[in-house]
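The values are calculated or read from the model by the stated rules, or taken from the named source; none is laboratory data. If you're wondering where the values come from, they're calculated on a predicted model, not measured in any experiment. Cβ atoms come from the backbone with ideal geometry, glycine included; neighbour counts cover every protein chain shown.
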Amino acid sequence: MSSSWVVQVSGDPPLVLASVDRRHFTHDILARTRRFALNVVGKRGRQLEDYFLSAESHRPDNLDQVAWDDSPDGLPLLRDAMLSLECLVQQSVEAGDHTLFVARVDRVTVRADDRPLTSQDLDYIYVGEVVRRSR
């Protein structure tokens, strides 16, 4: 899935927070396994963002359309992501229709010297639904 709401919350230990809609199929996987890979997309990997936003990706087996490798813990590391963080959930908090997963970063894989793609690079923003910007 593509996530608009991810933030670093601690440096020692290294913790990130990922906000996941409870209606998304990924939520139940995360809640059950307590592990996830956060694949950071750079500007040169824009096609990943476009794919995961598309209706084509809204299915449980959606990784068949992208190149990826299994991490040692079985997490999907996207080859076209600029870097991947392998994370273990430490805490979860319900917040509206989302769950906030606070996770420890256990391993980092850096693949490319790139600038992370942000909402400023996109023609839409996500605020519980996708809102197209007028240009």
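For segment 58-83, what are the residues that are in contact (Cβ under 8 Å) with a residue 40 or more places away in the chain and either surrounded by fewer than 18 Cβ atoms within 10 Å (Cβ to Cβ) or within 16 Å of Thr118 (Cα to Cα) (or both)?
Scanning segment 58-83 gives Ala81, Met82, Leu83.
Just checking, which of Thr109, Thr99, Thr33 is touching a residue at least 40 places away in the same chain (Cβ under 8 Å) and surrounded by 13 or more Cβ atoms within 10 Å (Cβ to Cβ)? Spell out how you get there, then give the answer.
Working: Thr109 fails: touching a residue at least 40 places away in the same chain (Cβ under 8 Å); Thr33 fails: touching a residue at least 40 places away in the same chain (Cβ under 8 Å).
Going through Thr109, Thr99, Thr33 in turn, just one is touching a residue at least 40 places away in the same chain (Cβ under 8 Å) and surrounded by 13 or more Cβ atoms within 10 Å (Cβ to Cβ): Thr99.
Quick one: count up the residues across segment 4-23 that are surrounded by 14 or more Cβ atoms within 10 Å (Cβ to Cβ), out of contact with any Phe, Trp or Tyr (no Cβ under 9 Å at 6 or more places or on another chain) and at pLDDT below 95.
Residues flagged as surrounded by 14 or more Cβ atoms within 10 Å (Cβ to Cβ), out of contact with any Phe, Trp or Tyr (no Cβ under 9 Å at 6 or more places or on another chain) and at pLDDT below 95 within segment 4-23 amount to 2.
Being within 17 Å of Val6 (Cβ to Cβ) and β-branched (Val, Ile, Thr): is that true of Val66 here?
Answer is no for this residue.
Checking the conditions here, which among Thr99, Thr109 is assigned to a strand (DSSP E or B) and touching a His at 6+ places or on another chain (Cβ under 9 Å)?
Thr99
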